[in-house]
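Here is the structure we will look at, set down as structure tokens.
The values are calculated or read from the model by the stated rules, or taken from the named source; none is laboratory data. Source: prediction; values computed, not measured. FYI the Cβ positions are ideal-geometry reconstructions off the backbone, even for glycines, and counts take in every protein chain you see.
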Amino acid sequence: MKVALFATCLVDTLTPTVARATATLLERLGHEVVVPTGQACCGQMHVNTGYRREAVPIVANHVRAFAGAEAIVAPSGSCVASIHHQQADVARRAGEHRLAADAAELAGRTYELSQFLVDVLGVTDVGAYYPHRVTYHPTCHSLRLLKVGDRPFRLLRAVRGLELVELPGAEQCCGFGGTFAVKNADTSTAMLTDKMANVLSTHAEVCTAGDASCLMHIGGGLSRLRAGTRTVHLAEILASTEEAVTPNQTTRPAMSV
Amino acid sequence: MTATVPGPARTFLGLPTAPRGVGHLRGDESFPDAARTALRDGQLRANLGHATSTIRGKRARVVAELPDWAELREAGRALKAATMARLDDHLEELERQVTARGGTVHWARDANEANEIVTRLVLATGASEVVKVKSMATQEIGLNEALEAVGLDVFETDLAELIVQLGEDKPSHILVPAIHKNRAEIREIFARTIPGVDPGLTDEPRQLAMAARAHLRERFLRARVAVSGANFGIAETGTLTVVESEGNGRMCLTLPETLITVMGIEKVVPTWRDLEVFLQLLPRSSTGERMNPYTSTWAGVTPGDGPQEFHLVLLDNGRTAVLADEVGREALHCIRCSACLNVCPVYERTGGHAYGSVYPGPIGAVLSPQLTGVEDNASLPYASSLCGACYEVCPVAIDIPSILVHLRSEHVEAQEKPNAEALAFRGLARAMSNPRLWHLAQRASRLGRLFARGRPTLPNALPPPISGWTRSRDLPTPPTSTFVESWTREHGR
Amino acid sequence: MSARDDVLSRIRQALGPDRTAPAEVARSYRGAGAHPATGAALMDLLVDRVEDYRATVLRCSPGDVAATVRAALDQGLGGGWAAGDVVVAPGLAQEWRPEGCDVDDDRPAVQLADRAASVTAVAVAIAETGTLVLDGSPACGRRALSLLPDCLVCVVTADQVVGGVPEGLARLDPLRPLTMVSGPSATSDIELERVEGVHGPRTLMVVLAG
């Protein structure tokens, strides 16, 4: 299958290793990966901060960049949720009905990574090896908007060497929420503190999730505490094998790619 | 308190919002500022954490028990939507039916008008005191202050409202207004304020409840006028409904000669049969019980049973302005169960006072700004991480996150001059809609590497708004190249 | 313009000239008659749910109601009660009444607070939620009767028991003053923990006949 990879603006700019791992994984599973160079952002940050009019050309750019793609995969539940639930609506409200139709049509071919692996490719054992104690944070938009359910758990349980430990209070938000983390920095920090306390209580080496943004938040907090527990994106775990443990993982800040 | 200040903001249809200077829909400070203070209160955090986790567990158990919860929820949503679409007809029918059964219906455009009507009705009875059933609508309009201003004594009879009133505090939760107080704090308030209370009073909840019983018993038996709210008003029969637990509601609805009920216009329900949906959704969502201890219904006046004079005050106070917004009007579907507060990670940490309105939590963050006009509560739509837990538990499926996002846009679009944030978002939008500009912008972000000076994370001290992040979290140093760049380098276009 | 006309005209303005007709409400939830429990299972469900509220249920055969009401009063009032402590609904079946008890009349309602217990019938009992509904009929009495005495004894007959809320409401007359009672009065206002017994009767005894 020919898969178009949507890196997402945040991953592409700040944690490119996550997109790289996604591509590596899909290629290892025998699929052709293409990376449209015209891609930028899904528009979610603008919409969620109140700039829905400004988001319209961003949506248009996204639709242009991925036009004609057979399947689009992104390593981010939150961006895929925005593509599914916001893009067409934003365009329609602006009177751009053609764009709305195109965006809705594109959304039908856009998948979050774990959903793509389990539902479209029909695999749960991707042949990964990751000999670490790991806890999984089900990010809000993956959990409640995309309803990815137990798919990430099924993928993680099939990883050789991986010890999966349950995260207490898993379904509580980490406090990221895009610009919420800045506009309501104190409340966001209070939520993060509780999330970190739960992560640390598991004594896991690694906290993983399907959203780089939430991981940047949790990882940024753990790093500030010098906690030692690191955050690694699900794609990076699934891309790791005996032969090649993904070398530069998210919280080892990507000094080079 | 009742001074008339400049006229209310108006919506795009010109429908008036709730007036300023009366009632409790606006706070003194913005949400982030109020939250900052609340977050430092360790006792508050502990009380809220304990109470909300208790009620979350109870709700989850009794909801899981019903095999048709999803169908009930969908019926509740659809019933509310259908009611709003013909709100005028249902209200006129309600008025006809209540009047036919011996009640008197009054209409109030806003808080001031409602307060005037109730005050006039109470004074006409010659009574000097009023007993009250917990009611969000009367809290919203500041009725107690209005009645006290003419020299009437007002007694809140719900236990939590009593705690708030005796403690000269403000309510912080829709269902449990004193949720921010623990048993020790409540004991202290009772020991200090209830005349003749047993000096050996302990903090055992049962003992505290008994102290409230003893304190209010005499007042119930001598009360001549009661004021209540209503959970539902059934148009086809004129039947009013109050859902409660303690029996204080029954005392107020049954013993006085005169009953005055203040009901928001959105609380009308078309038919008696519709209650079969709401009476299953509400108790399980609010107190986590299969059914609340007492539900009272009455239609007008019943000779020989209960008050012989009944007044229904129908309150607008900004509700029609909410109705005019096709996205936001869903907030009027709320049945005040407070499930969204109990699951909200923001509410659980800041408590209700930070919202500044009698309607706190997620539903408050969409309701208050619409009732007052967004600019009077501009920080509330942002008081959410959009985690969606509220939508998941809402018994009538109000899509609160989508309304929050909608109101954020209403706020942004109401600004006449763009501020720094707006300029930044516009610039970013231009870049994100043009690949060439976007790649330039991404390269520019690499300037952050200069600040990092070879370290893996950026320094803590950065200018606002980034400082909001770096105060408590590290920010990774941007990489030397983006993924798309390096991929394109390797694979060609 | 009157406030009434003003509010109504605001609503019409808010909904606009071409308001969408309300969609048909799909009632795909379990409606009246759809509850699976019947017969003995239905009775057991009611008992289970009422007892869960920490009310007491005494079961008896239809011919044994009077003795069971007395037993309920023994238990609820702690024995040694006098007939005059108990007030019953004016329409309560003669054969159910404790001998010599007080019968409610048109005295001022607050005087009912002087009685220790009241005995009433019910209109409907909803098994799934453990709810008894009193409808202000002579057998159930006026609302104050089941409110002011601290111990309430309700007599439920088998034919009054229904499965779920929809069946219960379908049997009731919304024009009557209704009181739905699910256990003794209670509050969750202190730390959201349920405590039984506030302003309403602190003791609820249910006599289930049949």
Residues of the range B:475-493 being touching a residue at least 40 places away in the same chain (Cβ under 8 Å) and in a loop (DSSP other than H, G, I, E, B), which ones? B:Thr482
Qualifying position, being crowded, with 17+ Cβ neighbours inside 10 Å, of a type in the set (S, T, N, Q), touching a residue at least 60 places away in the same chain (Cβ under 8 Å) and in contact with a Ser or Thr (Cβ under 8 Å, 6 or more places away or on another chain), among B:Ser402, B:Ser368, B:Ser385: B:Ser368
Let me spell it out: the conditions are (1) touching a Lys or Arg at 6+ places or on another chain (Cβ under 6 Å); (2) over 30 Å from B:Asp89 (Cβ atoms), and C:Ala3 meets all of them except one. Which number is the exception? (2)
On the basis of being buried (at least 24 other Cβ atoms within 10 Å of the Cβ), more than 12 Å from chain A (Cβ to nearest Cβ), closer than 24 Å to B:Ala178 by Cβ and modelled with pLDDT of 95 or more, does B:Cys344 make the cut? no
Quick check on this structure: which one of C:Cys154, C:Cys140 is within 19 Å of C:Val65 (Cβ to Cβ), in a strand (DSSP E or B) and under 10 Å from the mean Cα position of the chain (by Cα)? C:Cys154
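In the range C:129-138, is there at least one residue being free of Cβ contacts under 8 Å to residues at least 12 places away in the same chain and of a type outside the set (A, V, I, L, M, F, W, C)?
So far as the range C:129-138 goes, no, none of its residues is free of Cβ contacts under 8 Å to residues at least 12 places away in the same chain and of a type outside the set (A, V, I, L, M, F, W, C).
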Say we look at the range B:231-284 and pick out the residues that are among the aliphatic types (A, V, I, L, M) and free of Cβ contacts under 8 Å to residues at least 60 places away in the same chain; which of these is surrounded by the fewest Cβ atoms within 10 Å (Cβ to Cβ)? B:Leu275
Take B:Ala78 and decide whether it is in a helix (DSSP H, G or I), of a type outside the set (Val, Ile, Thr), within 11 Å of chain C (Cβ to nearest Cβ) and within 18 Å of B:Ala235 (Cβ to Cβ). yes
Conditions (1) within 9 Å of chain C (Cβ to nearest Cβ); (2) over 24 Å from the mean Cα position of the chain (by Cα); number of the one not met by B:Gly126: (1)
Pick out the one residue from B:Arg455, B:Arg408, B:Arg449 that is touching a residue at least 12 places away in the same chain (Cβ under 8 Å), of a type in the set (Lys, Arg) and buried (at least 21 other Cβ atoms within 10 Å of the Cβ). B:Arg408
Scan (1) closer than 23 Å to C:Ala71 by Cβ; (2) without any contact (Cβ under 8 Å) to a residue 12 or more places away in the chain for the single condition C:Glu193 breaks and write down its number. (1)
Take the residues in the range B:11-63 that are within 26 Å of B:Glu116 (Cβ to Cβ) and without any contact (Cβ under 8 Å) to a residue 60 or more places away in the chain, then tell me which one is surrounded by the most Cβ atoms within 10 Å (Cβ to Cβ). B:Gly21
Among the residues of the range C:164-176, write down those that are surrounded by fewer than 23 Cβ atoms within 10 Å (Cβ to Cβ) and in a loop (DSSP other than H, G, I, E, B). C:Arg171, C:Leu172, C:Asp173, C:Pro174, C:Leu175, C:Arg176
Out of the helices (runs of 4 or more DSSP H) lying entirely within the range B:105-162, which hold 3 or more residues that are farther than 24 Å from B:Tyr359 by Cα? B:111-125
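Looking only at the range B:241-249, decide whether some residue is part of a helix (DSSP H, G or I) and either on the phi > 0 side of the Ramachandran plot or at pLDDT 95 or above (or both).
Yes - at least one qualifying residue is present in the range B:241-249.
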Does C:Cys101 count as over 30 Å from B:Arg96 (Cβ atoms), in contact (Cβ under 8 Å) with a residue 40 or more places away in the chain and away from chain B (no Cβ under 13 Å)? no
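State the number of residues belonging to the range B:330-356 that are in a helix (DSSP H, G or I) and not polar (S, T, N, Q).
Number of matching residues: 16.
Within the range B:431-457, track down each residue that is closer than 18 Å to A:Asp12 by Cβ and either outside any helix (DSSP H, G or I) or among the β-branched types (Val, Ile, Thr) (or both).
B:Ser433, B:Asn434, B:Arg446, B:Leu447
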Among the listed residues B:Thr320, B:Thr287, B:Thr295, B:Thr302, which satisfies the condition of being touching a helix residue (DSSP H, G or I) at 6+ places or on another chain (Cβ under 9 Å), free of Cβ contacts under 8 Å to residues at least 40 places away in the same chain and either more than 22 Å from A:Arg144 (Cβ to Cβ) or surrounded by fewer than 24 Cβ atoms within 10 Å (Cβ to Cβ) (or both)? B:Thr302
Pair list, Cβ under 7 Å, 6 or more apart: the range B:194-212 residue in the same structural domain as B:Ile163 (by TED's automatic domain parsing), other residue in a loop (DSSP other than H, G, I, E, B) and of a type in the set (Val, Ile, Thr): B:Pro205/C:Ile190; B:Leu208/C:Ile190; B:Ala209/C:Val198; B:Ala211/B:Ile194; B:Ala211/B:Val197; B:Ala212/C:Val198
So is B:His439 closer than 19 Å to B:Pro479 by Cβ and at pLDDT 95 or above or not? yes
When B:Ser172 is run through (1) of a type in the set (Gly, Ala, Ser); (2) in contact (Cβ under 8 Å) with a residue 40 or more places away in the chain; (3) over 25 Å from B:Val22 (Cα atoms), the failure sits at (3)
Report yes if B:Ser472 is among the hydroxyl-bearing types (Ser, Thr, Tyr), part of a helix (DSSP H, G or I) and crowded, with 17+ Cβ neighbours inside 10 Å, otherwise no. no
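Which one of B:Thr482, B:Thr477, B:Thr470, B:Thr488 is more than 8 Å from every other protein chain (Cβ to nearest Cβ), over 21 Å from A:Pro57 (Cα atoms) and of a type in the set (Val, Ile, Thr)?
B:Thr470
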Top-ranked residue of the range C:5-48 - restricted to ones that are surrounded by fewer than 19 Cβ atoms within 10 Å (Cβ to Cβ) and hydroxyl-bearing (Ser, Thr, Tyr), ranked as farthest from the other protein chains (Cβ to nearest Cβ): C:Thr38
I want to confirm something. Restricting to the range C:49-62 and keeping residues that are part of a helix (DSSP H, G or I) and surrounded by 18 or more Cβ atoms within 10 Å (Cβ to Cβ), which single residue is farthest from the other protein chains (Cβ to nearest Cβ)? C:Val50
Let me confirm something: among C:Val69, C:Val87, C:Val133, C:Val65, which residue is more than 14 Å from the chain's Cα centre (by Cα), among the hydrophobic types (A, V, I, L, M, F, W, C) and outside any helix (DSSP H, G or I)? C:Val87
Quick check on B:Ala452: is it of a type outside the set (Phe, Trp, Tyr) and either within 39 Å of the chain's Cα centre (by Cα) or facing chain A (nearest Cβ under 9 Å) (or both)? yes
